[in-house]
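The structure appears below as structure tokens.
The values are calculated or read from the model by the stated rules, or taken from the named source; none is laboratory data. Keep in mind the model is a prediction, meaning the values are calculated, not measured. Here Cβ is always computed from backbone atoms with ideal geometry, including for glycine, and neighbour counts include all displayed protein chains.
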Amino acid sequence: MEPTPQKLEMFYEGKAKKLYSTSDPDLVIQYFKDDATAFNAKKRGTIEDKGVMNNRMSELFFTLLEKNGVRTHFVRRLSDREMLCKRLQIIPCETVVRNIVAGSMAKRLGLEEGRDLKRPVVEYYYKSDELDDPLIYPEHAVEFGWASEAENFAIKVMALKVNDVLRKFLDERGVILVDFKLEFGRHHGEVLLGDEICPDTCRFWDKQTRQKLDKDRFRRDLGGVEEAYHEMLRRVES
Ligand code: TMP
């Protein structure tokens, strides 16, 4: 194993994570916070040990995805809250894959939550806090220079592969993968999956009871937030 590079200055702080540069220009350290926000940070709170749980769960999911041929930024977990990652030039589009109607799709289209989609639906959102991450078409990303046609294609193929792999893995652990959000970036010209995969960025429902095991418990004041994160980690680790 390569020696761990030295942690240098923080160069980015987001709502749930901080990024530090390292003595290796190709690598960064991703630090996971306990801060929780919703509705573009209009709602704020803390979820105890969320950073520790999301770091560990992301490690498990990224490792599983790499094993199944999805290239990610994950190098290795360094500590409870820190992960070593390849440095990405982030593509400013969020990719959402949905298997079941929920969240903003239910609201936008006036549908009830919980209806199965016949095929996974892939959506794209422009990453912009000022604009509240508007829904876009992949054509917008090409037009405005956020991603090339080839990158859009790679992103869609990777997003659907992530869906297939995670859906099966979670189904075996009694969890329905309702929907999730991914971020991608470039590393030496190659598109890699970045960010994190955890209950902040996915909707997980218990297969038997359909109980929510994700950040919707915080967004919607349902209580039992920490318990849901712990339960998801327990199932993913089993
Ligand atoms: P949505 O239904 O609110 O559009 O969310 C779709 C998925 O994306 C859901 O699994 C939660 C995740 N998500 C994020 O990771 N970050 C966000 O800012 C939002 C709004 C959703």
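For the stretch 91-113, the count of residues that are out of contact with any Asp or Glu (no Cβ under 8 Å at 6 or more places or on another chain), more than 14 Å from the ligand (Cβ to nearest atom) and polar (S, T, N, Q) is zero.
Within the stretch 31-44, which residues are away from the ligand (no atom under 15 Å from the Cβ) and either hydroxyl-bearing (Ser, Thr, Tyr) or over 9 Å from ALA16 (Cα atoms) (or both)? Within the stretch 31-44, TYR31 is the sole residue that qualifies.
The set of residues in the stretch 107-124 that are under 22 Å from the mean Cα position of the chain (by Cα) and over 18 Å from ARG220 (Cα atoms) comprises ASP116, LEU117, ARG119, PRO120, VAL121, VAL122, GLU123, TYR124.
Among residues of the stretch 138-155 that are of a type in the set (D, E, K, R), those with a Cβ under 6 angstrom from a residue that is at pLDDT 95 or above, sequence gap 6+ or separate chain, pair up as GLU149/VAL142; GLU151/VAL191.
Residue by residue through the stretch 77-121, note down the ones that are under 30 Å from LEU27 (Cβ atoms) and among the hydrophobic types (A, V, I, L, M, F, W, C). First the steps, then the outcome.
Initial filter on the stretch 77-121 (under 30 Å from LEU27 (Cβ atoms)): 77-97.
Matches in the stretch 77-121: LEU78, MET83, LEU84, CYS85, LEU88, ILE90, ILE91, CYS93, VAL96, VAL97.
Tell me the residue from ASP49, ASP132, ASP116 that is more than 11 Å from the ligand (Cβ to nearest atom) and either in contact (Cβ under 8 Å) with a residue 24 or more places away in the chain or closer than 25 Å to ASP35 by Cβ (or both), please. If you could, list the steps in order and put the result at the bottom.
Details: ASP132 fails: more than 11 Å from the ligand (Cβ to nearest atom); ASP116 fails: either in contact (Cβ under 8 Å) with a residue 24 or more places away in the chain or closer than 25 Å to ASP35 by Cβ (or both).
Testing whether each residue is more than 11 Å from the ligand (Cβ to nearest atom) and either in contact (Cβ under 8 Å) with a residue 24 or more places away in the chain or closer than 25 Å to ASP35 by Cβ (or both) leaves just ASP49.
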